[in-house]
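Each value in this text was obtained by applying a stated rule to the coordinates, not by laboratory testing. This is a predicted model, so every value here is computed, not measured. Here the Cβ positions follow ideal geometry from the backbone for every residue, glycine too, while neighbour counts run over all protein chains shown.
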Amino acid sequence: MAKSLFDKVWEAHAVRELSSGHTQLLIGAHLIHEVTSPQAFGMLRELGLKVRFPERTFATVDHIVPTDERNEPFSDPLADAMIKELRRNCEEFGVTYFDIASGRQGIVHVVGPEQGITQPGTTIACGDSHTSTHGAFGAIAFGIGTSQVRDVLATQTMAISKPKLRRINVDGKLAPGIYAKDVILYIIRKLGVKGGTGFAYEYGGEVFDRFNMEERMTVCNMSIEGGARVGYVNPDEKTFEYLKGRPYSPKGREWDEAVERWRNLASDPDCEYDDVVNFRAEDIGPSVTWGITPGQGVFIDETIPDPEKVEEEQREGVIEALEHMKLKPGSPIKGTPIDVAFLGSCTNGRLTDFQEVAGYLKGRHVAPGVKAIAVPGSMGVGKICEELGIDKIFREAGFEWRGAGCSMCLAMNPDKLVGDQLCASSSNRNFKGRQGSPIGRTILMSPLMVAAAAVTGQVSDAREVFGVGSPNLVEV
Amino acid sequence: MALEKISKVTGRGVYIPGDDIDTDRIIPARFMKCITFDGLGEFAFYDVRKNEDGSDKKHPLNDPRHAGATILLSGSNFGCGSSREHAPQALHKAGFRGIVAESYAEIFFGNSITLGMPCFAASRQDIREMAATIEADPEVQIELDVENRSIRCGEREYPAELRDSARTALLSGKWDPIAELLEGEEEGEATARSLHYVR
């Protein structure tokens, strides 16, 4: 019988059915970080349990770690305590820990693929909703709560119901200046922020075939913003190429055997989906959000919605969003003044994100009064950028070039908005207060749109600001 | 590790209107700088409840008529966003024992059930009617019936949805799955051995 990748991976990892009807699912790789793991280790101690597969558990610090001050002890005593707690837990339970001293620290969803831990056909869990990022490699990856972190630590399994499967095709060709971020913001806008609840998303079609691994990660990353806990792309030669030679990738004969297995993982052509949705690349424009959910978005040349003209059911939400955002209904989103530009996060903090922007940013400068920060997703990303001189381009343009971490995506470290500052952000959430100030405002967009906003001081069309027309990647 | 069998949750309710209430709103990230969940209760919905100087804003949770409510009512896609268990933990520690909303984000739903906090889904219209009943009489008793998947609010009864797996887990006292997962250790070991990349 024809099977989807999802079914193949699920079946290979299903341990048994529990009395509740949940599946006990084996987790092949467990990624942990400083914020959602300490309570789980505390529960292990209370129950007198060990980590079942410490060699399949990997830790790093990302959420709280400062991106300017990089030496312990950190000035924030709470942050310092949490990072020390993670080190203590990893030492006590024998878990590999990528700390700053290792040179491999970074956002957990950047580090996993970079280290080759993320592989096709694996199951991955992490106490972070953006774990779906790893699906870009044909892995089935779940964001989990802390009690489930405990479950996976103690048993390397968790209890979960099998979701339905929706195939999302994006065919055609994206116009120049349209990026993976625009694709996922478009999908969320069309299907809604809860449209994916109960589903895993399989992304495919010509656009995904053409995407590099980092672009696939950007889309899979934001699956949860559309309600889907899992999002993935079938693995192909690009996947294998990306993984070859990475620290945790198989080596020698084992590599060849692994690739052979991985080739058989992709969904069979005639497999059945619970739902199929088709989009055209040509319909997708540079996307920006105007509201307080990632689904409240428009193209850069569209206007901010008027609550009087939306469906009754959405009206209150639109009013609440516009009140928070201090935006005027019916007016263009383009030209909205910004205070802060943030380039980074597990959505758009990878090498090609910085490369793409650097190609256009050279010789330009951040507008007066705008605070612009560039935060590599990992120390590895930062190091390559520095070797290529990309950091210098950013610095000369007036960006602060920082150490690796989640930074202003969720503002658990000192990188926060102040008051009602408005931030052009390459991150994934524009929730009220998300970037550290309860009245702070976020507009989500692609990295190049963030750069365009930074240099003009207002929400802008990057195609106009930078004359985007031809691919401008610096080849590594 | 015998857990309580949860067949009914009874108490007074409070309605927090709005759709897509995310877990950042339920517990802002800065309060997650902690290594235990203790003390999270007082920070539930902090930024929508408090002004910068710590004084109260107008919010249902600050309304003394609803003090001591144990059942929270809200809109659709409740608990979306971050997977932080800190969100249901904060609600639980603030005294809530059950939630009624139009729909839930998946991770929040699972995290809540694992704490033994039932999340019932009801229609928009029914929730608004229950909210009106609470508004008219904050003392009205609400009962979430897990067995029958129904909600009693004062004199009226409303149908509710609750996934089979969650219902079974609550009724059988297996809402925290750790004991059962540990029992499956040998089978888990066998599955792990069958996977090239694990062993």
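Can you give me the Cα centroid spacing of the range B:11-30 and the range A:239-287 in angstrom?
Measuring centre to centre over Cα atoms gives 38 Å.
Sum up the lysine pairs in the range A:345-476 that clear both bars: alpha-carbon distance under 18 Å and a spacing of 8 or more or different chains.
Lysine pairs meeting the criterion: 6.
Rank by packing, highest mean first: peptides B:120-132, A:16-28, with packing defined as the count of other Cβ atoms within 10 Å averaged across residues.
Put in order of decreasing packing, that is A:16-28, B:120-132.
In the range A:221-285, which GluC sites (Glu not before Pro) fall in coil by DSSP and have 15 or fewer other Cβ atoms within 10 Å?
A:Glu272
Could you tell me the center-to-center distance, by alpha carbons, between the range A:82-132 and the range B:96-160 in angstrom?
With the range A:82-132 and the range B:96-160 each reduced to a Cα centre, they are spaced 38 Å.
With the cut-off at 1.5 for a/c, could you classify the range A:219-284 from its C-alpha gyration tensor as rounded, prolate or oblate?
It is prolate, given that a/c is not under 1.5 and a/b is the larger ratio.
Work through the residues other than A:Ser267 whose Cβ is under 11 Å from its Cβ and net out their charges, Lys, Arg +1 and Asp, Glu -1.
Residues close to A:Ser267 contribute a combined charge of -2.
Once both labels are modelled 7 Å past Cα along the beta-carbon direction, what's the A:Glu237-A:Glu260 spacing in nm?
2.0
Between helix B:185-194 and chain B, what is the angle of the helix's C-alpha long axis to the longest principal axis, kept within 0 to 90° and rounded to the nearest 10?
The answer is roughly 60 degrees.
Quick one: which residues, 5 or more positions from B:Lys50 or on another chain, have an amide H under 5 Å from its amide H? H modelled 1.01 Å from N in the peptide plane, none for Pro or chain starts.
B:Lys57
Report the net charge of residues surrounding A:Val219, where surrounding means a beta-carbon distance below 12 angstrom and charges are Lys +1, Arg +1, Asp -1, Glu -1.
-3
Pop out the ³J(HN,Hα) list for the range A:234-240 in order, Karplus 6.51 cos²θ - 1.76 cosθ + 1.60 with θ = phi - 60°, rounded to Hz; leave Gly and Pro as x.
The phi angles translate into 5, x, 8, 4, 4, 4, 5 Hz.
Along the charge dipole of the protein assembly as shown, pointing to its positive end and built from +1/-1 on Cβ of Lys, Arg, Asp and Glu, which listed residue (B:Gly173, B:Ala131, A:Ile117) has its Cα farthest out?
Of the options given, the answer is A:Ile117.
Rounded to the nearest 5, what % of the DSSP beta bridges within the range A:5-162 are antiparallel ones?
35
Using a 10 Å cut-off around each Cβ of peptide A:190-198, what is the average number of partner chain Cβ atoms that fall inside?
Mean inter-chain Cβ contacts per residue within 10 Å come to 4.
Residue-wise, which Karplus ³J(HN,Hα) couplings in Hz belong to the range A:49-60, taking 6.51 cos²θ - 1.76 cosθ + 1.60, θ = phi - 60°, and x for glycine or proline?
10, 9, 7, 5, 10, x, 6, 10, 10, 10, 10, 8
Name the long-range amide H neighbours of A:Phe279: under 5 Å, sequence gap of 5 or more, or other chain; modelled H, no Pro or chain starts.
Long-range HN contacts for A:Phe279: A:Asn169, A:Val170, A:Asp171.
Compute the Cα gyration tensor for the range B:8-174, then decide on rounded, prolate or oblate, letting a ≥ b ≥ c be the square roots of its eigenvalues: rounded whenever a/c is under 1.5, prolate when a/b is larger than b/c in the other cases, and oblate in all that remain.
It is oblate, given that a/c is not under 1.5 and a/b is not larger than b/c.
State the Cα centre-to-centre distance between the range A:1-76 and the range B:71-88 in whole Å.
Going from one Cα centre to the other spans 21 Å.
Which shape class, rounded, prolate or oblate, goes with the range A:287-466 when its Cα gyration tensor gives a ≥ b ≥ c as root eigenvalues, a/c under 1.5 marks rounded, and past that a/b bigger than b/c marks prolate?
prolate
Per the helix-only calculation at 222 nm, which mean residue ellipticity applies to chain B, given -39500 (n - 2.57) for every DSSP H run of n ≥ 4 and division by its residues, nearest 500 deg cm²/dmol?
-8000 deg cm²/dmol, from helical runs alone.
Apply the Karplus curve 6.51 cos²θ - 1.76 cosθ + 1.60, θ = phi - 60°, to the phi angles in the range A:27-37 and return the couplings in whole Hz, x for Gly and Pro.
Here the 3J(HN,Hα) series is 9, x, 9, 10, 9, 10, 9, 6, 8, 9, 9 Hz.
What size of dipole, in debye to the nearest 20, comes out for the range B:130-199 about its Cα centre when the only charges are +1 on Lys and Arg C-beta atoms and -1 on Asp and Glu C-beta atoms?
Result for the range B:130-199 is approximately 320 debye, rounded to the nearest 20.
Grab the Cα-Cα distance for A:Ser102 and A:Lys84, subtract it from 0.36 nm times how many residues apart they are, and report the gain in nm with one decimal.
Net length gain for the segment: 5.0 nm.
Would you mind telling me the antiparallel percentage of the DSSP bridges in the range B:8-174, rounded to 5?
60
From largest to smallest, what semi-axes in whole angstrom does the protein assembly as shown give when each is the square root of 5 times an eigenvalue of its alpha carbon gyration tensor?
The answer is 35, 31, 24 Å, longest axis first.
If you count the DSSP beta bridges with both ends in chain A, what percent of them are antiparallel, to the nearest 5?
Within chain A, antiparallel bridges account for around 25 percent of the total.
Taking the Cβ of A:Ala29 as the center, what net charge do the other residues with Cβ under 11 Å away carry, scoring Lys and Arg +1 and Asp and Glu -1?
Overall, the nearby charge balance is 0.
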